[in-house]
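Visitor: Handing you a structure now.
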Amino acid sequence: MNSGRFWAELWMVLVLLVIATGLLAHSGADLQLATYFYQAGGWPTGEQFPWKLLYRIDRIPALLLALGWLVVVIRSFAVPSLRQWRRAGIFMVLLLILGPGLLVNSVFKEHWGRPRPREVIQLGGSKEFLQPWQPGISGQGRSFPSGHSSAAFYLLAPWFIYRHRKPFAARCWLSGGIGFGVLMSVARITQGGHFLTDCLWAFGMVWLTGQLLAAVLLPEQENGEGLSS
């Protein structure tokens with residue numbers, strides 16, 4: 001991808017994320033949506049099917065997908081026909097490690113300090129509600145962003161590999177990954193685990209990390225070359 005197009009896409013996504021965050025904050029959507037599922041001092045909807053099942057599924061699909069691509073990378077050193085997929089495999093493994101793993105869970109989730117819905121005063125807790133851009137006390141709030149949602153949104157990652165060479169496959173992965181991420185986000189909201197903006201930025205961090213990694217590791221795919229159709 002040429003430099004101008006890369007930066008245009010990156011800034012477009014960032015601007016859309018910021019605008020969406022501002023609109024949700026202005027409307028009070030975070031608390032309003034959480035309040036809808038907070039009933040009789042608890043979160044009964046989140047204990048029902050399919051939301052409880054999704055919570056238990058957790059990161060398993062993401063780990064299986066990354067593991068499959070890791071096998072491809074390892075096998076590519078012995079099987080010549082797999083060499084063309086080596087960079088794609090490295091991309092997939094690194095995206096899981098750096099996106100949902102490092103950026104979402106280790107950096108922001110552990111240290112940003114935003115209280116979960118079930119922890120704020122308005123929803124039966126004892127902590128002050130914070131907007132997503134307001135850092136709290138490190139280690140005393142693990143709401144921002146959603147770890148479950150980021151792992152679910154990771155399933156859109158093959159879109160970056162296929163988008164120029166196999167558009168249909170790319171669209172399938174994109175729609176499937178976003179769909180699964182949305183379902184997982186609904187599950188976490190119904191359980192009082194995360195606010196809507198936590199899930200929005202889980203998607204954003206995975207997407208932006210994917211864009212940056214693709215520009216470095218998949219330049220031939222970004223230019224419409226490389227993997228065979």
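The values are calculated or read from the model by the stated rules, or taken from the named source; none is laboratory data. The model shown is predicted, which means the values in this text are computed figures rather than measured ones. Virtual Cβ from ideal backbone geometry, glycine too; neighbours counted across all protein chains shown. Keep in mind that these areas ignore ligands, DNA and RNA; they rest on the heavy atoms of the full protein, side chains included. Shrake-Rupley method; radii C 1.70, N 1.55, O 1.52, S 1.80 Å.
Visitor: Quick test of your reading of the structure: W7 fulfils all but one of (1) at pLDDT 95 or above; (2) assigned to a helix (DSSP H, G or I); (3) not aliphatic (A, V, I, L, M). Name the failing condition by number.
Guide: (1)
Visitor: Which one is modelled with the highest pLDDT, of the residues in segment 138-158 that are open to solvent by 40 Å² or more (accessible area, probe 1.4 Å) and out of contact with any strand residue (DSSP E or B) (no Cβ under 9 Å at 6 or more places or on another chain)?
Guide: Ranking the candidates gives S138 first.
Visitor: Kindly provide the set of residues from segment 148-166 that are closer than 27 Å to G192 by Cα and free of Cβ contacts under 8 Å to residues at least 60 places away in the same chain, ordered by number.
Guide: Answer for segment 148-166, where residues must be closer than 27 Å to G192 by Cα and free of Cβ contacts under 8 Å to residues at least 60 places away in the same chain: S149, S150, F153, L156.
Visitor: Among the numbered criteria (1) in contact (Cβ under 8 Å) with a residue 40 or more places away in the chain; (2) closer than 14 Å to T190 by Cα; (3) under 23 Å from the mean Cα position of the chain (by Cα), which single criterion is violated by Q32?
Guide: Only one criterion in (1) in contact (Cβ under 8 Å) with a residue 40 or more places away in the chain; (2) closer than 14 Å to T190 by Cα; (3) under 23 Å from the mean Cα position of the chain (by Cα) is unmet by Q32, namely (1).
Visitor: If you don't mind, there's one more thing I want to ask. Among the residues of segment 172-198, how many are assigned to a helix (DSSP H, G or I) and more than 25 Å from Y162 (Cβ to Cβ)?
Guide: The total comes to 8.
Visitor: Further question on the same structure: Only one residue in F91, F49 is modelled with pLDDT of 95 or more and not in a helix (DSSP H, G or I). Which one?
Guide: Result of the check over F91, F49: F49.
Visitor: Something else now. Does F129 count as among the aromatic types (F, W, Y), at pLDDT 95 or above and either under 21 Å from F203 (Cα atoms) or open to solvent by 50 Å² or more (accessible area, probe 1.4 Å) (or both)?
Guide: no
Visitor: Another question, then. Out of curiosity, is I178 among the β-branched types (V, I, T) and open to solvent by 10 Å² or more (accessible area, probe 1.4 Å)?
Guide: yes
Visitor: Write out, first by first residue and then by second, each pair whose Cβ atoms fall under 7 Å of each other, whose residues are 6+ apart or on separate chains, and whose first residue, in segment 116-136, is under 21 Å from G42 (Cβ atoms) and assigned to a helix (DSSP H, G or I) while the second is among the acidic types (D, E) and open to solvent by 30 Å² or more (accessible area, probe 1.4 Å).
Guide: I121/E128
Visitor: If you don't mind, another one. Quick check on my filter: what residues within segment 1-28 are exposed (fewer than 10 other Cβ atoms within 10 Å of the Cβ) and farther than 24 Å from Q134 by Cβ?
Guide: Selection gives N2, S3, G4.
Visitor: Take A78 and decide whether it is modelled with pLDDT under 95, farther than 20 Å from F153 by Cα, open to solvent by 60 Å² or more (accessible area, probe 1.4 Å) and among the hydrophobic types (A, V, I, L, M, F, W, C).
Guide: no
Visitor: Mind listing whichever residues of segment 201-221 are out of contact with any Phe, Trp or Tyr (no Cβ under 8 Å at 6 or more places or on another chain) and open to solvent by 40 Å² or more (accessible area, probe 1.4 Å)?
Guide: L212, V216, P219, E220
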